[in-house]
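This report concerns only the one structure given below.
Since every read-out is calculated from the coordinates, none of them should be taken as a lab result. Small disclaimer: the values here were computed from a predicted structure and weren't measured. Virtual Cβ from ideal backbone geometry, glycine too; neighbours counted across all protein chains shown.
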């Protein structure tokens, strides 16, 4: 079966399996939410999705949608197009906060934010512009009870997110996932793939991060060691067999040339056993510990190299920089 047929079959199964939202008329909910959403134009090209905040003059999209420098930004609804500028970013959560250059009285009313993390199994909906289509309504269901960390390989972003059982095609990035009351539960960021095919699990930015950047109006400072992390159980059987019994740690992947770990001499497939005394066994262990590091102080790592040598390593994190400069 071809990848295209497989992807379409998965989408049809997910759509058929997702029942209607339990509260209210869904067509009315769609109309209400759609009126508060926009498409994000980057240098005139449809790059992603987004929505207006309830605070007039502000809007949200995904940071990776507006990642390149020297761009002009616009937000477009069915009836109007407004100029916008990038005001702040949170790369740990793939958020871009936009300032809308328009008379606030003409901007549509925004979407309110949900007050808490949605429980597992909650039916939610995504509004966006998949593959250059417009104002599409997609089903999903909350698939985990806590936030996790995922690596967006194409953009080399490590994001804190939660999982949604539902497909979110390219173009929906930055769009809102909403509950039955029309409240935003998260921002669409990425998705689980295999050989570039979507697997039906979407990565969604939690609403607490959206509320935080809207309140502060400032870009977040995200520490990085310049590498992604994988778990030992993800590796080839032969490689796992070469390790001592009951070995723990996380496996370094995609080291950034010139990044902190690269400069310290770490290599691809080396193991980090601990950071500042905190033992690591999952990618979430690594990223949660990493994002709490002080970028002004060296972190104390225990590294197991590919040749089996275990050694201490002092590495000072850097701040992950956007490939654009938000306008003050």
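Among 251, 89, sorting on how many other beta-carbon atoms sit within 10 Å of each Cβ, with the fewest leading, yields 251, 89. Ranked by the mean number of other Cβ atoms within 10 Å of their residues, highest first, the peptides 116-122, 56-62, 81-87 come out as 56-62, 81-87, 116-122. The listed peptides 174-184, 232-242, ordered by packing as a protection proxy, come out as 174-184, 232-242 (highest mean of other Cβ atoms within 10 Å first).
Distance between the C-alpha centres of the range 273-288 and the range 36-56: 37 Å, rounded to the whole angstrom.
Site pair residue 137 and residue 264 shows an inter-label distance of 5.0 nm when each label is modelled 7 Å from Cα along Cα→Cβ.
Annotation: peptides 32-38, 306-312, 74-80, 128-134, ranked by per-residue average of other Cβ atoms within 10 Å with the highest first, follow the order 32-38, 128-134, 74-80, 306-312. Note on the chain: GNM, Cα springs under 10 Å; of 300, 170, 195, the largest mean-square fluctuation is that of 195. With the helix formula -39500 (n - 2.57) applied to DSSP H stretches of n ≥ 4, the chain reaches a computed 222 nm mean residue ellipticity of -4500 deg cm²/dmol.
What is the projected area of the convex hull of the Cα atoms of the range 223-319, averaged over all directions, in nm²?
Numbers: hull surface 22.4 nm².
Projected area, direction-averaged: 5.6 nm².
Projected over every direction and averaged, the convex hull enclosing the alpha-carbon atoms of the range 158-234 yields 7.1 nm².
Rounded to the nearest angstrom and listed largest first, the equivalent-ellipsoid semi-axes of the chain from its Cα gyration tensor are 36, 24, 17.
Once the piece of chain linking residue 26 and residue 146 is laid out straight, how much longer is it, given 0.36 nm per residue of separation minus the C-alpha distance between them?
Working: separation 120, 0.36 × 120 = 43.20 nm, distance 2.70 nm.
Separation in residues times 0.36 nm, less the Cα-Cα distance, equals 40.5 nm.
Spacing of the modelled spin labels on residue 239 and residue 216, each 7 Å from Cα toward Cβ, amounts to 3.4 nm. Each Cα pair under 8 Å and six or more residues apart adds its separation to the average, and for the chain the resulting relative contact order is 15 percent.
Pairwise Cα separations in the range 54-101 fall into 10 Å bins from 0 onward with the following percentages, short to long: 26, 57, 17, 0.
For the pair residue 309 and residue 208, label points projected 7 Å from Cα toward Cβ lie 4.1 nm apart. For the Cα atoms of the chain, what angle does the longest principal axis make with the long axis of helix 3-17, in degrees from 0 to 90, nearest 10? Orientation of helix 3-17: about 60 degrees from the principal axis.
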